[in-house]
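Novice: So that we are looking at the same thing, I have put the structure below in structure tokens.
Throughout, read-outs are computed from the coordinates displayed, never taken from laboratory work. As the structure is a computational prediction, the values presented were derived from the model and not from experiment. In this analysis, Cβ positions are derived from the backbone assuming ideal geometry, glycine residues included, and neighbour counts consider all displayed protein chains.
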Amino acid sequence: MKFEKKDILDIESLSRDEIGLILDTADSLKEISSRAIKKVPTLRGKTIVHFFHESSTRTRTSFEIAAKRLSGDTVSISASTSSIVKGETLADTARNLEAMNPDAIILRHKAAGTPHMLARLVKSSVINAGDGMHAHPTQALLDMMTIRERKGRLDGLNIVIAGDIAHSRVARSNIVGFTKMGARVSLVGPPTMIPQGIETLGASASYDIKEAIGDADIIMMLRIQKERQESFLFPSDREYARYFGLTAETLATAKDDVLIMHPGPINRGVEIAPEVADGPYSVILEQVANGVAVRMAILYLLLGGPR
Amino acid sequence: MKFEKKDILDIESLSRDEIGLILDTADSLKEISSRAIKKVPTLRGKTIVHFFHESSTRTRTSFEIAAKRLSGDTVSISASTSSIVKGETLADTARNLEAMNPDAIILRHKAAGTPHMLARLVKSSVINAGDGMHAHPTQALLDMMTIRERKGRLDGLNIVIAGDIAHSRVARSNIVGFTKMGARVSLVGPPTMIPQGIETLGASASYDIKEAIGDADIIMMLRIQKERQESFLFPSDREYARYFGLTAETLATAKDDVLIMHPGPINRGVEIAPEVADGPYSVILEQVANGVAVRMAILYLLLGGPR
Amino acid sequence: MKFEKKDILDIESLSRDEIGLILDTADSLKEISSRAIKKVPTLRGKTIVHFFHESSTRTRTSFEIAAKRLSGDTVSISASTSSIVKGETLADTARNLEAMNPDAIILRHKAAGTPHMLARLVKSSVINAGDGMHAHPTQALLDMMTIRERKGRLDGLNIVIAGDIAHSRVARSNIVGFTKMGARVSLVGPPTMIPQGIETLGASASYDIKEAIGDADIIMMLRIQKERQESFLFPSDREYARYFGLTAETLATAKDDVLIMHPGPINRGVEIAPEVADGPYSVILEQVANGVAVRMAILYLLLGGPR
């Protein structure tokens with residue numbers, strides 16, 4: 001199968017087969033990162049622009065390492081140093097970047113839909129590294145890779161996503177991806193954090209975490225964002241931890257082979273207890289390792305072939 | 001012809017032949033950026049320091065991409081992370097950088113003349129990427145390259161530069177370059193923005209844009225800077241657009257083969273109307289593309305030969 | 001001799017032989033930086049993360065240049081863009097980085113002991129690029145290299161370190177290193193800047209710089225930090241310069257072959273007079289040049305062999 005997409009913008013626009021190809025490619029590229037010489041010449045002479053309008057350690061670092069292990073040339077632009085501060089429109093910034101012939105632009109932006117707009121404007125491949133509360137497709141892909149690696153499949157699994165669903169691009173991309181690959185997704189969180197109508201994405205919703213995780217193969221905890229507290233979505237960290245945090249005690253009702261996931265960065269003692277984050281069911285750091293592999297796979301599939 | 005300069009500090013210090021050699025070299029390096037593998041080994045093992053005391057997306061990105069396409073190693077220093085904040089003098093920072101044996105230092109600085117001082121202090125090549133209101137030689141060179149590419153020559157052309165001439169290092173470098181290469185330069189803008197005595201650089205000045213562009217082969221619009229408004233150089237964006245903005249209507253009196261240029265970032269609807277910026281006469285994005293080629297040429301001529 | 005350490009955290013944990021091996025390696029790698037092609041393939045395919053929680057031009061630039069001249073891939077993380085701002089613990093940030101399989105993490109941090117904690121958490125090599133007021137081992141190593149290069153040895157030399165000893169990680173690492181290599185260290189400065197009990201590190205202390213430097217082979221001036229003035233450790237720059245600054249006049253009593261050192265950035269006219277900093281005894285810029293060589297040596301010894 002040949003990968004025909006120009007861009008990776010969201011999970012919706014990828015077929016089951018395309019997702020399968022990305023995950024298979026990531027599986028096979030993963031071992032490069034454990035070699036003594038972690039580098040292959042695949043993307044030599046390709047220019048990859050990292051354009052991050054929101055700060056991010058792990059996603060930017062993961063993409064940069066992925067690009068460099070494939071021998072790509074990287075250039076990094078952050079919001080603070082960009083012409084945006086001089087009042088240029090994003091469309092003009094995009095056209096200007098385009099004129100310098102980059103092969104890929106990796107964009108993180110606080111406004112939903114920005115990568116889609118960029119992709120229409122430029123011939124370069126555009127990879128969405130997170131846009132507002134909309135999508136974070138490489139996170140969903142690395143999550144699928146991690147589950148498939150451990151469980152052998154996604155089809156037929158019960159996956160619980162817990163926390164602030166309403167404001168999470170990670171949740172949104174994962175709900176779409178998991179259901180597309182045949183898993184059942186249950187959402188759980190305080191009513192203020194579960195958006196109305198979320199069932200249209202194919203997921204069910206409930207409000208009691210202990211009940212929700214009873215038959216889960218996977219429990220994915222979402223990061224609680226402090227700024228949400230200020231908007232009264234929950235009364236305090238302590239209250240949140242008590243009702244929706246994942247602790248050893250909560251986990252008592254879970255399956256013996258459950259996997260605990262979290263997109264990071266974690267708030268220890270808020271949405272996840274330290275003993276759970278560091279415990280035997282946790283695959284949180286495998287997610288991070290797979291992030292590099294998935295991003296290598298995407299760069300390889302978008303830029304590696306003859307064009 | 002061999003290129004003998006150590007530094008590129010301004011257009012004044014380049015001869016017609018040297019400018020011609022830079023432009024010829026840029027013409028021939030340009031196609032590298034449209035190859036599948038955009039990389040040649042010319043500057044392998046050269047250390048190029050990007051030292052930007054003012055933020056800049058396009059110039060820094062353009063230089064970084066140029067260096068990487070020639071296989072140079074780049075290190076980036078910005079004002080905020082530099083020892084300058086610890087009270088070190090620029091001369092000491094320069095000597096320290098020098099001790100690490102960089103091959104080139106690319107400097108942008110808010111104070112005019114800083115690159116010249118740096119060039120006297122260090123053995124490394126120094127490239128001026130914009131110093132205060134003084135000079136921006138690589139911008140002038142990419143502008144000359146763009147015109148030559150489209151018109152076949154600079155000699156004998158009528159070039160109008162419109163806007164805030166007084167505060168523009170782009171204007172200053174271009175006036176010097178264009179006249180050196182045999183073009184006639186006319187300046188137009190509000191009287192508050194045309195410096196007295198500018199004629200000594202070999203350009204004429206006037207105050208009515210419609211009149212000025214009648215026999216122009218090239219119209220270069222300058223960016224209007226909001227901070228100038230606060231100093232009362234013009235009453236409002238709207239007023240400025242009305243009297244000095246380039247619109248389809250203003251253009252009606254221009255030649256059929258006129259070229260519209262702008263150093264960017266553009267203010268749509270202020271100094272240039274969107275339909276003009278995006279229209280058939282505009283070569284604004286070609287300027288950006290040629291920026292990479294000119295910077296590759298300069299790095300190649302300064303560092304590429306045996307030294 | 002084989003280098004067996006995983007990390008470079010401080011000078012205390014290095015043996016005389018290990019220090020000797022680092023300095024010998026640095027001596028032999030130094031000439032790479034004066035070649036026309038300043039690059040060897042030793043660290044090709046190694047991922048080196050620069051993680052700087054305090055800003056630093058010279059140390060970060062020196063490490064980046066060192067890594068690139070050995071063909072390593074570098075990724076840079078600064079405090080402002082890191083997840084730390086999202087409340088993640090450093091331990092979690094470390095584990096996340098680790099999951100991306102870097103070969104080395106170079107850490108600067110304002111809190112003493114942070115690199116040691118990081119080193120226990122990750123399999124990657126950790127290099128301390130300065131932690132609080134605790135240690136700066138690569139600075140001490142480049143200082144030792146510079147002295148050895150000029151004097152042929154460290155053993156038996158008289159070394160004066162002058163200034164704010166109490167708050168200087170450079171002083172602390174150097175006292176340990178110099179005495180370990182057989183030199184005698186004398187400290188001099190205002191009583192408020194000499195910590196009680198410093199003699200336990202093997203150095204003597206006094207309060208009159210003219211007296212102290214009489215039989216010194218090396219005088220190392222420390223940077224005076226303005227923020228100390230605010231905490232009343234000294235009354236004013238002028239007072240400090242008068243009593244503890246190194247001037248041509250103070251130097252009159254020094255040996256004919258004395259070497260003047262300073263870790264930079266220097267405050268001209270405060271702790272060191274311009275004519276001394278730029279004078280014939282000064283090796284300040286050699287220190288900077290040797291910084292690149294020492295960091296190349298450390299990266300080579302930690303990552304270059306088979307693991």
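Novice: Would you mind checking the tilt of helix C:16-29 against the longest principal axis of the Cα atoms of chain C, expressed as 0 to 90 degrees and rounded to 10?
Specialist: Long axis of C:16-29 versus the principal axis of chain C: about 80 degrees.
Novice: Another question about this same structure. Measure of size requested: the Rg and Dmax of chain C, with Cα atoms as the atom set and Å as the unit; please supply both.
Specialist: 19.3, 57
Novice: Tell me the mean residue ellipticity at 222 nm calculated for chain C from its helices only (DSSP H runs of n ≥ 4, each -39500 (n - 2.57), averaged over every residue, nearest 500).
Specialist: That calculation yields -11000 deg cm²/dmol at 222 nm.
Novice: In addition: Taking neighbour counts of Cβ atoms within 10 Å as a proxy for exposure, in what order, fewest first, do A:TYR281, A:TYR240 appear?
Specialist: Working: A:TYR281 18, A:TYR240 23.
By the 10 Å Cβ count, ascending, the order reads A:TYR281, A:TYR240.
Novice: Let me ask you something else. Enumerate the calculated ³J(HN,Hα) couplings along segment A:266-272 in order (Karplus 6.51 cos²θ - 1.76 cosθ + 1.60, θ = phi - 60°), each rounded to whole Hz, writing x wherever the residue is Gly or Pro.
Specialist: Rounded to whole hertz, the list is 7, 9, 4, x, 9, 6, 9.
Novice: Then there's this: With contacts defined as alpha carbon pairs under 8 Å and 6 or more residues apart, what's the relative contact order of chain B in percent? Mind showing how you got there, number by number?
Specialist: Details: 582 pairs, mean separation 61.8, N = 307.
It rounds to 20 percent for chain B.
Novice: Follow-up question, since we're still on this one. If the cut-off is a Cα-Cα distance under 23 Å, which lysines reach C:LYS255, setting aside same-chain residues fewer than 8 apart in sequence?
Specialist: The reachable lysines, counting only those whose Cα sits under 23 Å from C:LYS255, are C:LYS151, C:LYS210.
Novice: At C:THR89, with labels set 7 Å past Cα in the Cβ direction, how many nm apart are the copies from this one, shortest first?
Specialist: 4.8, 4.8
Novice: Can you give me the distance in nm between label points at B:ILE37 and C:ASP155, each placed 7 Å from the Cα along the Cα-to-Cβ direction?
Specialist: Those two pseudo-labels are separated by 5.3 nm.
Novice: Further, regarding this structure: Hey, what's the per residue convex hull volume over the C-alpha atoms of segment A:154-263, in cubic angstrom? Mind showing how you got there, number by number?
Specialist: Details: hull volume 9.8 nm³, N = 110.
Convex hull volume per residue, Cα atoms: 89 Å³.
Novice: Something else now. Calculate how many DSSP beta bridges within chain C are antiparallel, expressed in % of all such bridges and rounded to the nearest 5.
Specialist: Beta bridges within chain C, antiparallel portion: roughly 5 percent.
Novice: With the label 7 angstrom out along Cα to Cβ, how close does C:ALA111 come to the same site in each of the other copies, in nm, nearest first?
Specialist: 3.8, 3.8
Novice: How would you order B:288-300, B:186-198 from highest to lowest mean count of nearby Cβ atoms within 10 Å? Show your work: numbers first, answer last.
Specialist: On the way: B:288-300: 26.6, B:186-198: 17.8.
The peptides rank, most packed first, as B:288-300, B:186-198.
Novice: While we're here: Return one number: the angle in degrees, 0 to 90 and rounded to the nearest 10, between the long axis of the Cα atoms of helix A:284-303 and the longest principal axis of the Cα atoms of chain A.
Specialist: Between the helix axis and the principal axis of chain A, the angle is about 30 degrees.
Novice: Let me ask something additional. How far is helix A:90-99 tilted off the main Cα axis of chain A, in degrees rounded to 10, range 0 to 90?
Specialist: 50
Novice: Using only atoms on other chains, find how many Cβ atoms lie within 10 Å of each Cβ of peptide B:266-273 and report the average. Before the final figure, lay out each step's value.
Specialist: On the way: counts 6, 5, 5, 0, 1, 0, 0, 0.
Per residue, the number of nearby Cβ atoms from other chains is 2 on average.
Novice: I would also like to ask the following. Arranged by the count of other C-beta atoms within 10 angstrom, fewest first, what order do A:THR247, C:THR61, A:THR146, A:THR200 take? It would help to have the intermediate numbers written out before the result.
Specialist: Details: A:THR247 16, C:THR61 27, A:THR146 24, A:THR200 7.
Ordered from fewest to most neighbouring Cβ atoms within 10 Å, A:THR247, C:THR61, A:THR146, A:THR200 come out as A:THR200, A:THR247, A:THR146, C:THR61.
Novice: Let me ask something else. Which of the aspartates and glutamates could a cross-linker span from C:LYS46 if the Cα-Cα distance has to be under 19 Å and same-chain partners fewer than 8 positions apart are dropped?
Specialist: Cα-Cα hits under 19 Å: A:GLU31, A:GLU64, A:ASP73, B:ASP73, C:GLU4, C:ASP7, C:GLU64, C:ASP73, C:GLU98, C:ASP103.
Novice: So what are the three principal axis dimensions of the protein assembly as shown from its Cα atoms, in whole Å, longest to shortest?
Specialist: Over the protein assembly as shown, Cα extents along the principal axes are 86, 82, 48 Å.
Novice: Oh, and also: Using a label point 7 Å beyond Cα on the Cα-Cβ vector, give me the inter-copy distances for B:SER13 in nanometres, one decimal, shortest first.
Specialist: From this label point to the equivalent ones elsewhere in the assembly: 4.8, 4.8 nm.
Novice: What are the aspartates and glutamates whose alpha-carbon lies under 15 Å from the alpha-carbon of C:LYS2, with same-chain residues fewer than 8 places away excluded?
Specialist: C:ASP17, C:GLU18, C:ASP24
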